[in-house]
Amino acid sequence: VIHSAQEPGAVAAVLGGACDVGTRILPQPSSVASHKRWLLALPPASGTLTLDAGACKALARGNSLFFAGVSAVTHPFCERDAVRVLDSAGRELARAVVNYGSEACAALAGRQSREIFDELKYHGPDELAHRRNIVLLTAAAGEAVKG
């Protein structure tokens, strides 16, 4: 509550439950974390990942993105780039900052995380994009997930 310091008894009135004193500022019921706002402000995504239905559901629940749920990789992108995340119908569900470039993503699409070393010959993160680096865009995808 914001009120004038010149108004006698205002603090006591607020503490007593008065609603007509000062200006009340209530928290928003759902907000997008500042990190996810930053993700939305990044330059346009350079590449796209198309997901199967199971991966789309997992994203809507706020989970990280793994290679097993990726069905297609299009347009070149680099590690740490923002990419568009699409469902099988081509609707954009999310934006994500990825841990791998497009070549590695294409090689690992549809595969399990335990196969990363076998394919790439180095150990990298198990997830293609951590949930902290994914922001959902559509109501169908579950609204923007809090960070």
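The values are calculated or read from the model by the stated rules, or taken from the named source; none is laboratory data. What you see is a predicted model; the values in this text were computed from it and never measured. Glycine also receives a Cβ, built like all others from the backbone with ideal geometry; neighbour counts cover every protein chain displayed. Ligands, DNA and RNA are stripped out before the accessible areas are found, and what is left, the full protein with its side chains, is counted by its heavy atoms. Shrake-Rupley method; radii C 1.70, N 1.55, O 1.52, S 1.80 Å.
Structure notes:
- Qualifying residue in the stretch 68-80 (condition: surrounded by 12 or more Cβ atoms within 10 Å (Cβ to Cβ) and in a helix (DSSP H, G or I)): yes
- Residue among LEU49, LEU59 that alone is surrounded by 21 or more Cβ atoms within 10 Å (Cβ to Cβ) and assigned to a helix (DSSP H, G or I): LEU59
- Within the stretch 114-137, residues that are under 26 Å from ARG37 (Cα atoms) have Cβ atoms under 6 Å from residues that are basic (Lys, Arg) and surrounded by 12 or more Cβ atoms within 10 Å (Cβ to Cβ) in these pairs: VAL135/LYS36; VAL135/ARG95, counting only partners at least 6 apart in sequence or on another chain.
- Of all residues in the stretch 103-122, those that are assigned to a helix (DSSP H, G or I), in contact with a strand residue (DSSP E or B) (Cβ under 6 Å, 6 or more places away or on another chain) and open to solvent by 20 Å² or more (accessible area, probe 1.4 Å) total 1.
- When TYR100 is tested against (1) in a strand (DSSP E or B); (2) open to solvent by less than 30 Å² (accessible area, probe 1.4 Å); (3) under 28 Å from TYR122 (Cβ atoms), only condition (1) is not met.
- When the test is whether a residue is touching a residue at least 60 places away in the same chain (Cβ under 8 Å), on the phi > 0 side of the Ramachandran plot and not hydroxyl-bearing (Ser, Thr, Tyr), GLY90 does not pass it.
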